[in-house]
Amino acid sequence: MSIAQNSALVRFFAALWAVLRSGWDESVPGKLFARIGLAVRRGVAGSRICQFAWREGKLPKSWPVSITCRVLTTIINLPVLFVQWIYRLGKNLFDGSIAFRFASAVGGAGFLFVGFTMLIMLIVPHGSWDNGYALRCMILVFLLFLAGAMARPKHRLELTKLGPYFTLFMGFIVYGFFSSLGTDFSEGVLYGLTSEAKNISLRFLVFYVIAFLITLMAVSTVQKTEQLQLMLAVVVAGLVVAALYGCYQGYVGVEVVPSQQDMRLNPDMPGRVYSYFDNPNNFAEILVMLMPFQAALLLNARTWRGRVLALGSIVPCLVAIGLTLSRSCWIGLVVAVVVFLVLLNWRFLPLFLVLGLAALPILPESIMNRILTIGNLKDSSTQYRFAIYQDTTYLIRDYGLRGVGLGTDVMKQVFQVYPTMYDGNYPIHTHNNYLQMWGELGVFGAITYLAMVLHQIKAGVKSFYSSTNRAAKNILAAGVGAFCGISVIGVAEYTWFYPRNMFVYFFLFGVIAAAIKLSKKKTA
């Protein structure tokens, strides 16, 4: 028997959880909520709205067999087909080479290198980070995938697993680059922009290329549930390192930045921790996107040691997200947890809410005061957002159909054509993912982005209920919960302004797609 099993602390919490679970199920409130939930579930499931939302749309249903999908899949797999053809020509030579067999074995573990790429993103300090590192790492992962695919004829880049709206959205990204007011492919000067604004969309196109590679490699390199779990474990390790450093910052204290919090409403507020990232909100958004997977790994752990490690990893992350004092991300995390619980066992939702309310009195004063400012229209951050939204209406009025083009730099230039905000400054982005996509890519690009988000959530939920793979279901519940959380945060924040956050977002998208793929394998 392991040390963990003999630990009094572990046995205490295990016994406490068993008592709470049994007590809640048998209690009057527990039974009442169970009956209410069952009635609501039956009513919703039988409604026309639910049936309409649940049905498989024509585009997703026909996408895998469509000519467009087949052509695009063939094009992106040309490198794979080429290396496999080379292997067949020299099969005897390659099979006899120790170097090739080593490269093939390493290439077959591409999922690990995707995980290590994400780990590097999470632990490199902001001042030392270069987005070129991510591009180099993903090119290396792609080359390793090619090496692993040479002797594996079934290995392909699985574009179909990402869905039609993801592919269509990437098409709009290309459109946004070529139609940008800041590139040489359009007459930017005629729209009131200076010559310095030209070609500034190229950098953002590279960011999306990196994001696309992360998503594609995450879904294509994973063939087993164990591989997906191992990739996530590597990423979570990086998250814990970042969280521990955030906790250290909270312990020693960080400088208060007045622009990040309203000092009139909270004069004694401490500095907000940011770990290895540019600001507290960036750090908190990453925590929201990845923390739910800690719960999935906890549920999937087969040994006490694994459960203790998974449970222990959650603690510094919870402390760190509290120390960020990021209100929108606290709301996003609550949404993520609620979705996670509803999918796994909705009967625990009332218990979670009760425990959450009971925890409020014991929260640190700084966090409690920050919670009390949520929705306060006198808060400077809230006022500033409304000022940005007001300026955004001017931009969308003039460019809402076609969009100004790819990237915040182009939008920042266009904003300078309009009146300043009340403080004399111009916005640098819309502070809202959906408005940002509308402003950059036009109304049809924004609709495609929204369709991509909703379809991924819907596909994840449907696969969760149809799968018999328990481990994949836990990961799906965590992924869908995290995706819902960051989508809610996107209403108040532009979560892709910091490229590392964008990369984590598309990694999350790829993980959900990989879990859906594995779920279908088990039920086929």
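The values are calculated or read from the model by the stated rules, or taken from the named source; none is laboratory data. Computed from a predicted model, the values in this text were never measured in an experiment. Glycine also receives a Cβ, built like all others from the backbone with ideal geometry; neighbour counts cover every protein chain displayed. Accessible surface is based on the protein model in full, side chains and every heavy atom, while ligands, DNA and RNA are left aside. Shrake-Rupley method; radii C 1.70, N 1.55, O 1.52, S 1.80 Å.
At the residue level, LYS61 shows approximately 150 square angstrom of accessible surface with a 1.4 angstrom probe and all protein chains present. Here's the picture: charge each Lys and Arg Cβ at +1 and each Asp and Glu Cβ at -1 in the range 368-482, and of VAL410, TRP438, GLY424 the one pushed furthest to the positive end of that dipole is TRP438.
Backbone geometry of the range 452-467 corresponds, through the Karplus equation with coefficients 6.51, -1.76 and 1.60 at θ = phi - 60°, to 3J(HN,Hα) couplings of 4, 5, 5, 5, 5, 5, 4, 4, x, 5, 5, 5, 4, 6, 9, 8 Hz, x marking Gly and Pro. Computed with a 1.4 Å probe over protein heavy atoms only, the accessible area of LYS161 comes to about 90 Å².
Rounded to the nearest 20 debye, the dipole magnitude of the range 331-464 is 460 debye, with +1 charges on Lys and Arg beta carbons, -1 on Asp and Glu beta carbons, and the Cα centre as origin. The range 403-459 to the range 72-141: how many Å between their Cα centroids? Centre-to-centre distance over Cα atoms comes out at 34 Å.
Within the straight-line cut-off of under 28 Å between alpha carbons, the lysines reachable from LYS378 are LYS412, sequence neighbours fewer than 8 places apart in one chain being disregarded. Separation of the range 479-524 from the range 336-359 is 21 Å, based on Cα centroids.
Between ARG70 and LYS91, the contour length at 0.36 nm per residue exceeds the alpha carbon distance by 4.8 nm.
At a temperature of 37 °C and a viscosity of 0.692 mPa s, determine how fast the range 484-524 diffuses translationally according to Stokes-Einstein, using the Kirkwood radius over alpha-carbon pairs as Rh; express D in µm²/s, rounded to the nearest whole number. Working shown, then result.
On the way: Rh = 11.6 Å.
After rounding, the answer is 284 µm²/s.
In the structure shown, the pairs LYS224/LYS520; LYS161/LYS521; LYS61/LYS154 are assessed against 18 Å; a Cα-Cα span above that value is assigned to LYS61/LYS154.
Divided by 2.2 N^0.38 Å, where N counts the residues, the Cα radius of gyration of the range 423-490 comes to 1.47.
Along the range 215-228 the Karplus relation, 6.51 cos²θ - 1.76 cosθ + 1.60 evaluated at θ = phi - 60°, assigns HN-Hα couplings of 5, 5, 6, 4, 7, 7, 7, 8, 10, 9, 4, 4, 5, 4 Hz to successive residues, with x for each Gly and Pro.
Accessible surface of GLU56, taken over heavy atoms with a 1.4 Å probe and every protein chain present, rounds to 90 Å².
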